[in-house]
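Peer 1: Encoded as structure tokens, here's the structure I'll be asking about.
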Amino acid sequence: MILARHIPRVIWIHTLLIIAIGLLALYSASFNNNVVGVSVFYDQLFIALLGILLMVVLSRGDYRKFFDVAYIVYGISVFFLVLVLVMGRQALGATRWFSVGGFSFQPSEFSKLAVIFFLGRYFSQRRPRLSFDFSTSIREIWGDLICPLLLIGVSMVLIFKQPDLGTAILVMGIFLVMLYASGIALRFYVGLLAVLGLLMPLAWHFLKQYQKDRLLVFLDPSRDPLGAGYTITQSKIAVGSGELLGKGWLAGTQNQLNFLPERHTDFIFSVIGEEWGLLGGILLIYCYSVIIYCGFKITRHNKDPFGQLVALGIVSILAMQVVINIGMVMGLLPVVGITLPLVSYGRTSFMVFALLLGFLLNLSKKRTIF
């Protein structure tokens, strides 16, 4: 049991521990990397220090100011999502980044934060109505379901066009969680889930070929062992070979002998599994779990609807991203290109989660009704 007054300290301790684990793993992943050098470690170290500073600053402000600018922030995020498709830098078959003076910025990562603030404000101003006449139901469906879905759908489509299937899925996940928490009528919510389930087979025709290959490899790991299935095969070998205690820092063979692609980004958990074993992986998952648990306590204790919804959105995106990343690294979920929060290399991803956790720390101190 974690007392409410101890929550900020607990979040800080486990966040710093996650960052430390990530930096150690990133140094190992870049030490003998023939694609990227150890410079990515020093780059991440600088971003980590900056992120911690931003967490401190954001944790001490008035979070209600974000209520006033939530729609503006979302509009800016959509603008950048459009701009990146027109002027963005292409890499690995995707157009997801801006490069300015050697600094890369990924708008789809920023959109996670923007969507949470947008939905937090939108749903906090629309409480569910109890009337069941036909005209009210139509207005309720439009206001509580269709309108926010269309607005968030703009971001999802733009992100999917990059293409970035993983982030598009996360945005939909945020929407579904916050929609349910808003108090929408259960029949409408179940109806939406049913429609989405029926539309899923149609989504196959909109996927890029490499995305289809990843899904097929997930269903049949032996389908393309030297192509689409190579990375996940090497990842499972790395995680499994770590056994209980791991091979030791800088001693992972799959890692140091360059058998494991993308080990500094999406597949960094395989480095942790190989070098620190099952216990190292459990320690990292435990740290995430504690932060998520504290986030749920903040959600329950905060009496401001906007604060409740945003806190829920933050812990939801953190939980979903951790589960998806670790699941795909271990072959339990399809590979969709999702980073491990505060651990994988990525400037924008790290900064966004630092901002979200700083906001969560702020919410832990504010529980009054506005």
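The values are calculated or read from the model by the stated rules, or taken from the named source; none is laboratory data. Values in this document were obtained by computation on a predicted structure and should not be read as measured data. Cβ sites come from the backbone with ideal geometry, for glycine too, and all protein chains shown count toward neighbours. Only protein heavy atoms, including side chains, enter the accessible area calculation; ligands, DNA and RNA are left aside. Shrake-Rupley method; radii C 1.70, N 1.55, O 1.52, S 1.80 Å.
Peer 1: Subtract the Cα-Cα distance of Leu149 and Asp43 from 0.36 nm times their separation in residues, and report this length gain in nm to one decimal.
Peer 2: Going from the current span to full extension adds 34.4 nm.
Peer 1: What FRET efficiency would be calculated for the residue pair Val69, Ala251, taking the C-beta separation as r and a Förster radius of 35 Å, to the nearest 0.05?
Peer 2: Efficiency for this residue pair is about 0.10.
Peer 1: How many Å² of accessible area per residue for region 174-312, probe 1.4 Å?
Peer 2: Solvent-accessible surface per residue comes out at 49 Å².
Peer 1: If you don't mind, another one. More than 14 Å apart: what percent of Cα pairs in region 139-194 qualify?
Peer 2: In whole percent, the share of Cα-Cα pairs in region 139-194 beyond 14 Å is 55.
Peer 1: Could you list log10 I(q)/I(0) for region 292-370 at q = 0.16 Å⁻¹, which the Debye formula gives when each Cα is one point scatterer?
Peer 2: -0.63
Peer 1: While we're here: What's the extension gain from Val195 to Asn258 if we count 0.36 nm per residue and subtract their Cα-Cα distance?
Peer 2: 18.3 nm
Peer 1: Ignoring everything except DSSP H segments at least 4 long, calculate the 222 nm mean residue ellipticity for the chain; use -39,500 (n - 2.57) per segment, divide by total residues, nearest 500.
Peer 2: -22500 deg cm²/dmol
Peer 1: Run the numbers for Asp62 and Ile13: contour at 0.36 nm per residue of separation, minus the present Cα-Cα distance, in nm.
Peer 2: Taking Asp62 through Ile13 to full extension adds about 15.4 nm, to one decimal.
Peer 1: Would you please give the FRET efficiency between Asn32 and Met87, computed as 1/(1 + (r/R0)^6) with r the Cβ-Cβ distance and R0 = 41 Å, to the nearest 0.05?
Peer 2: After rounding to 0.05, the efficiency reads 0.70.
Peer 1: Next up: If ligands, DNA and RNA are left out, what is the accessible area of Tyr345 with a 1.4 Å probe, given in Å² to the nearest 10?
Peer 2: 50
Peer 1: Considering only protein heavy atoms, what is the solvent-accessible area of Tyr27 at a probe of 1.4 Å, reported in Å² to the nearest 10?
Peer 2: Surface open to solvent at Tyr27 totals about 50 Å².
Peer 1: From largest to smallest, what semi-axes in whole angstrom does region 254-337 give when each is the square root of 5 times an eigenvalue of its alpha carbon gyration tensor?
Peer 2: Working through the eigenvalues yields semi-axes of 31, 14, 9 Å.
Peer 1: Counting only other residues whose beta carbon sits under 13 Å from that of Ala70, what net charge do I get with K and R as +1, D and E as -1?
Peer 2: +2
Peer 1: Of Pro261, Leu279, Leu54, which is farthest on the positive side of the dipole of the chain, counting Cα position, with +1 on Lys and Arg Cβ, -1 on Asp and Glu Cβ, and the Cα centre as origin?
Peer 2: Ranked along the dipole, the leading option is Leu54.
Peer 1: Using a 1.4 Å probe on the protein chains only, how many percent of the accessible area of the chain belongs to carbon and sulfur?
Peer 2: Answer for the chain: carbon and sulfur cover 71 percent of the accessible area.
Peer 1: Run through every distinct alpha carbon pair of region 212-257 and return the Kirkwood hydrodynamic radius in angstroms, one decimal place.
Peer 2: In region 212-257 this quantity evaluates to 11.6 Å.
Peer 1: If you take every residue apart from Leu165 with its C-beta less than 10 Å away from the C-beta of Leu165, what net charge results, scoring Lys and Arg +1 and Asp and Glu -1?
Peer 2: Surrounding charge for Leu165 is +1.
Peer 1: Take every Cα-Cα pair in the chain and report what % of them are more than 29 Å apart.
Peer 2: That tail contains 43 percent of the Cα-Cα pairs.
Peer 1: If you find the alpha carbon centre of region 170-185 and of region 234-285, how far apart are they in angstrom?
Peer 2: Result: 34 Å between the Cα centres.
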